[in-house]
Structures are given as C-alpha cells and as structure tokens.
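Report on the structure given below.
Bear in mind that the values in this text are calculations on the coordinates, not laboratory data. Quantities reported herein were computed from a predicted structural model and do not represent experimental measurements. Every residue, glycine among them, receives a Cβ derived from its backbone with ideal geometry; neighbour counts consider all protein chains shown.
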Amino acid sequence: MKYRRLGHTDLDVPLLGFGAAPLGGEYGTIDPAEGERAVHYAIDHGITFFDTAPYYGRTLSEERLGKALAGRRHEVMIATKCSRYGLDDFDFSAKRVEESIDESLGRLQTDYVDLFQIHDIEFGDLKQVIEEALPAARRVQQAGKARYIGITGLQLKPLRRMAEAAPVDTILSYARYNLMVRDLDELMTPFAKQHGIGLINASPLHLRILTPSGAPEWHPALPEVKEMGRQVVELCERRGKPAPKVALRFCLDHPYVSTTLVGLATVDQVRQNLEILNESTDIDLLSEIDELVRPVMNQIWPSGRPENHDYN
Ligand code: NAD
C-alpha cells in the first residue's frame with residue numbers, strides 16, 4: 001500500500017480508503033460477521049483509513065465499525081461525521097455537533113477520532129454551518145476528541161465558499177471525480193492544493209453505477225446517467241476488464257487526492273480492490289470510455305438547498 005499526506009495534517013493515509021457506508025447496510029443487507037472480516041482483512045493489507053458517519057445505517061455503520069476495530073484502534077485512522085442523521089434530518093447547530101461526537105465515540109468504542117467532518121453542508125444554511133457548526137467542531141478538536149476537522153458534500157462551490165470563509169483541514173467530495181464526472185479538478189483541486197487542504201475523493205464507482213450490480217434503487221442520478229453506466233460496464237466486459245477495477249484505477253491515478261474512498265463490506269471486495277493497486281492503467285480503454293460517456297459527462301443531481309447548487 002502507498003500512503004499520502006492528507007493536506008497539512010500529519011496523517012499519512014492509504015491511497016485506497018475504506019468507505020463504511022455499506023457496513024451500515026446502505027447498499028442492502030450485509031452479513032455483519034463478514035463485514036467485520038472485511039475490516040480486519042483491510043487493516044492486514046494496509047487499508048488504515050476508515051470513513052463512517054452516524055447517517056450510514058442510522059448509526060449501524062459506526063456501531064459495526066467500532067465493534068470490528070476493538071483491540072485494533074491504534075492501527076487505524078477513523079473519520080466520522082456530524083450534522084446529518086437521516087435522509088432529510090440535518091442539524092448544524094453547535095449543541096448538536098458537540099453532542100454528536102460523544103455519541104459517535106461511544107459507538108466507535110474510542111475516545112477520539114482522527115477526522116471529524118460536517119456532513120453534506122449543502123443541506124445547511126452556510127452562515128450557520130460557518131458560524132455554529134465549524135466553531136463547535138473546533139471546540140471538539142480542542143477537547144482532544146478529534147484530531148482534525150473537515151467538511152463533506154456533493155456540491156463543490158459551497159465547500160469551497162466555506163473553506164474560504166473559515167479554515168478547514170480536509171474536504172471530502174463524492175461523485176465528482178470518476179469515469180462519469182470530472183469537474184473536481186476544475187472546481188476544487190487547484191484551490192485545495194493552494195491552501196494545503198487534504199482532499200478525499202469518495203464514490204469512485206459512482207455509488208455502484210459502475211459495477212455489474214448497477215445503481216441501487218435510491219440512486220439519485222438521472223436515468224440516462226444510469227443507462228450510460230450500464231454501457232460502460234458492458235464495454236469494460238467486452239475488453240475483458242471488470243468495470244469496478246477500471247473505475248477505481250482511474251481514481252487512484254489522481255495526482256493530488258490523498259485517498260480514494262470505496263464502499264466495502266466483504267473480504268472479496270477488499271481483495272479485488274487491493275489487486276488494482278498493482279495493475280496498470282489501460283489508456284486506450286479510458287479513451288473509449290471518455291468518448292462513450294461524453295454526452296452525459298459531469299451531469300450531477302440536485303442535492304441540498306437550491307442556493308447551494310453548483311449548476312443553477
Ligand atoms: P462507491 O462508489 O464506493 O460504491 C460502493 C458500492 O460498490 C457498494 O455497493 C460496494 O459493495 C460496491 N463495490 C465495491 N467494490 C466493488 C467491486 N470490486 N466490485 C463490485 N462492487 C464493488 O460509493 P460509496 O460507498 O457511496 O462511497 C464510498 C465511501 O465514501 C462511502 O462508503 C462513504 O464512506 C464515503 N462517502 C461520503 C459521502 C459524504 O460524506 N457526503 C458521500 C458519499 C460517499
């Protein structure tokens with residue numbers, strides 16, 4: 001495993017990080033014992049960065065991760081989140097942020113997290129996120145309950161506006177840099193680089209669109225994007241390369257992103273994804289995919305308050 005410094009923090013994170021949303025059953029019911037084996041297998045092979053949230057499985061992901069990490073906490077870095085608790089359940093108040101960390105620490109069976117992130121900020125009033133949630137998160141850090149503070153979301157402009165208004169250590173962006181969307185490098189990477197902000201790229205498989213199982217029922221992408229995903233999967237199959245591997249390899253080649261978070265819940269998936277680290281990029285296939293995807297490239301879905309949308 002290769003590791004990269006996460007912005008100006010002192011965290012060296014693995015290029016491939018463990019996304020724990022599936023551990024909470026976000027992509028369907030899982031076998032918790034298998035989830036636990038997946039966590040152990042990942043650590044044994046150098047995947048030492050785990051991202052979870054109270055929102056994933058409505059606390060189930062944190063609980064399962066905490067149980068799996070018992071006795072191995074010192075080997076890993078844990079990132080969790082606050083302020084999102086349900087599909088439409090957000091609370092960016094200072095009081096909730098400070099309560100939230102204690103609840104998360106209890107479920108994760110630890111007394112600190114490495115990264116505490118304000119979850120999906122585009123759903124909040126940015127003034128409140130900047131003036132209440134962020135200072136509260138900094139107090140959590142000062143109390144020693146979190147080593148660093150970050151923000152997450154789909155919409156890049158509010159993430160950037162917020163990081164301009166108040167310093168943050170990391171930004172987690174999802175579904176903005178993969179085979180189907182590439183505008184991270186236009187809207188965020190140069191800014192993050194200039195300010196030494198750690199950049200985390202999540203959802204390299206476009207929330208399962210780029211796998212043979214296809215998009216889950218709740219996937220918010222437009223039907224034409226899902227259909228295009230199916231065509232990419234087929235094209236990769238015809239070329240004898242599994243689409244998840246091609247998609248993940250593409251993301252791992254990013255020159256600035258410190259870690260790419262892929263959702264995992266089975267040993268087999270961890271093993272397959274680890275194999276990609278030693279495989280080379282198929283430039284010709286990537287050109288074919290670019291050509292195919294062009295009509296829907298960079299089409300994201302509405303998320304959050306209309307005033308926080310990137311493309312109004
Ligand atoms: P993803 O693109 O990583 O896709 C995950 C899905 O792909 C899961 O169903 C998983 O089982 C499947 N998968 C993984 N490897 C596979 C393989 N080799 N073959 C076939 N299927 C495979 O999407 P994601 O899980 O939503 O994103 C990754 C992680 O990033 C999340 O778990 C979460 O930790 C984080 N994330 C954060 C935010 C946020 O903060 N707002 C948003 C999205 C994701």
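On the beta carbon distance between Q109 and Q231, with R0 = 51 Å, the FRET formula returns roughly 0.70. In this rough spin-label picture, where each label sits 7 Å from Cα along the Cβ direction, the D185-N298 distance is 1.2 nm.
The alpha carbons of region 62-136 give a radius of gyration and a Dmax of 13.1, 40 Å, in that order.
Classify region 5-105 as rounded, prolate or oblate, taking a ≥ b ≥ c as the square roots of the eigenvalues of its Cα gyration tensor: rounded when a/c is under 1.5, otherwise prolate if a/b is larger than b/c and oblate if not.
oblate
Between S287 and K2, the FRET efficiency from the beta-carbon distance, with R0 = 22 Å, is close to 0.30. Compute the separation of the alpha-carbon centres of region 114-147 and region 171-201 and state it in Å as a whole number. Their Cα centres are 20 Å away from one another.
Dividing the mean sequence gap of close Cα pairs (under 8 Å, 6+ apart) by how many residues the chain holds gives a relative contact order of 21 percent. In loop segments of region 219-312 as defined by DSSP, the chymotrypsin sites (Phe, Trp or Tyr not before Pro) with at most 15 further C-beta atoms inside 10 Å of their C-beta are Y311. Listed by Cβ neighbour count within 10 Å, with the fewest neighbours leading, T259, T189 appear as T189, T259. Think of it as helices only: each DSSP H run of n ≥ 4 in the chain is worth -39500 (n - 2.57), and spread over all residues that comes to -11000 deg cm²/dmol at 222 nm. Take every Cα pair under 8 Å whose residues are at least 6 apart in sequence, average their separation, divide by the length of region 105-170, and the relative contact order is 40 percent. Here r is the Cβ-Cβ distance between A94 and K193 and R0 is 30 Å; the resulting FRET efficiency, rounded to 0.05, is 0.45.
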